[in-house]
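Scroll down for the structure; my scribbles are underneath it.
The values are calculated or read from the model by the stated rules, or taken from the named source; none is laboratory data. Being a predicted model, the structure only gives us computed values, none of them experimental. Positions of Cβ are generated from backbone atoms using ideal geometry, with glycine treated the same way; all protein chains shown enter the neighbour counts. Each accessible area value is taken on the protein alone, full model and side chains, heavy atoms only, with ligands, DNA and RNA left out. Shrake-Rupley method; radii C 1.70, N 1.55, O 1.52, S 1.80 Å.
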Amino acid sequence: CDGVTCSNHGACVLDADGNAACNCDEGYHPEELDCIENDVDNPCEGVTCSGHGNCEPGDDNEPVCHCETGYHAEGLTCVQDEADPCEGVTCSGHGQCLAEGGQARCECDAGYHPTGLACIADDIAGDRPVWFLHITDCHYGESAVTSTLTSTFVDEIVPVIQPTATINTGDTADNGRATQWSWYVNDTANAPEYPYFFEIPGNHDKKTGDGQPFIDYSRTGQAGGGFYGVTLVPSTAGTVRVVRADTADSSVNAMNIAGIFGSEQAMALGAMVDESNNSVALTIFAAHHPMVGLEKLRLGATSLQGIIDRSGAQVYLCGHTHRAAIDWLGAVLHVTGPSVGKTDPTSYSLVAIDSTGPSVRLINLTAPPEWPVVMITTPEDASLGGENPLASPLPAGGTTRVRAIAFAASGVEKVEL
């Protein structure tokens, strides 16, 4: 626009292509880079409607642009309509397409869940299991093998097992520093986005800057999830709720090591759980500290237990001890994972929820990974966690359905029992 005066009867602006154009005063029209006085007898003189419409005199003899299909009038120009991202998206006839940020997404009817831009019917409860992956205590910055094992897990295991979600239960960065988090971010670049892959803070993640690097670098933090909250994940069985508790809820490192669940968090998290209780099919609880054993949560455990009970959780995932263990917290399956890179052997957890209850296998995390991975999800394993409180005797002389999930990098042809 340098030097463009528009004949002193308008202002120079940039058009959609970044070229100079004149936005003329009332009573004038643009001709190239000049503003020419309108002919009162022919108000459409010089009005081109950008070449995408026709000018006609209006009620007060003012020029009006009638634009072609796909264009709309802005003053005396015809501007191309923005493409509707929902055009042609039917959501399989079982939902409504919503445009958000220029992208289409399906909001599905009750009984259906979104898969891409389709609404797929939820499976009848118990018709198939829903499964998850769990890792913990990567301690980036301390172990030399952490990077190799984490990369193998993300690049070679997650794509084959295709879980509903993958949950990392904390102590990702050994000193909580941004540099260590950046290494983790690089190694998990191929992981699914939140809410299908996310982290819980641990006491080591709070060592630097009161945990601000967790907010800045973790998928949870970048998605606005904070240190604690409720994450909703679509699944074939309906909406799965993951309740995320911060059991390193202090600025004092010694208290975070012992485990602390503060009263302010308890009130906020409890309200979130109560608010979402009626809209979910399954609930998993995830935190860093265990609720059983010698290294269990020390401060605020009673409050946390109350929220676990209110949520109706079926599984509790945690870490912290660097020792794998399967226990029961009442009727809640309690899974403690080992440290990725600090224990030998290290492992990841495959957790499933079926109509008969939860099941879990701790599987060696090696590079390259070991295949196949197989787990029976129904009937219940009576010895799971020592003694499974959900197990019941099989009917004598009756027919029992047996169901398993099986995975291998080369595919699975059959499973024999």
Compute the signed sum of charges (Lys and Arg +1, Asp and Glu -1) over the other residues within less than 14 Å, Cβ to Cβ, of residue 268.
-3
Sorted by mean Cβ packing within 10 Å, highest first, what order do the peptides 356-366, 305-315 take?
356-366, 305-315
Starting from the 7 Å offset along Cα-to-Cβ, what nm value, one decimal, do you get for the label separation of residue 278 and residue 390?
2.6
Cysteines having no other Cys beta carbon under 4.7 Å from their own, within the chain
138, 318
Degrees separating the helix 263-276 axis from the principal Cα axis of the chain, which is the longest one
70
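Where a ≥ b ≥ c are the square roots of the eigenvalues of the C-alpha gyration tensor, would you call the chain rounded, which needs a/c under 1.5, or, failing that, prolate if a/b is larger than b/c, or oblate? Each step should come with its number before you reach the end.
On the way: a/c = 2.82, a/b = 2.10, b/c = 1.34.
Note, shape of the chain comes out prolate.
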Region 1-130 accessible area per residue, 1.4 Å probe, protein heavy atoms, integer Å², reads 65
In nanometres, the difference between 0.36 nm per residue of separation and the alpha-carbon distance of residue 193 and residue 37 is 50.4 nm
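Just the number please: accessible area per residue for region 223-324, 1.4 Å probe, all protein chains included, in Å². Don't jump to the answer; show the numbers that get you there.
Working: 4020 Å² over 102 residues.
Heavy-atom SASA per residue in region 223-324 reads 39 Å².
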Between 0 and 90°, nearest 10: helix 178-187 axis offset from the chain longest Cα axis
90
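What number, in percent, do you get for the relative contact order of the chain if the mean sequence gap of Cα pairs under 8 Å and at least 6 apart is divided by its residue count? Write down the numbers at each step before the final one.
Values: 924 pairs, mean separation 45.5, N = 417.
Once divided by the residue count of the chain, the mean separation gives 11 percent.
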How far apart, in nm, are the 7 Å Cα→Cβ label points at residue 99 and residue 66?
2.5
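Calculate what fraction, in whole %, of the accessible area of region 158-244 sits on carbon and sulfur atoms when a 1.4 Å probe is rolled over the protein chains.
Details: 1390 of 2960 Å².
Within region 158-244, the accessible surface is 47 percent carbon and sulfur.
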By the mean-Cβ-within-10 Å protection proxy, highest first, 41-47, 410-416 rank as 41-47, 410-416
Pairwise label distance in nanometres, residue 325 with residue 417, each label 7 Å out on the Cα-Cβ vector:
3.2
Between region 14-43 and region 198-242, what is the C-alpha centre distance in whole Å?
54
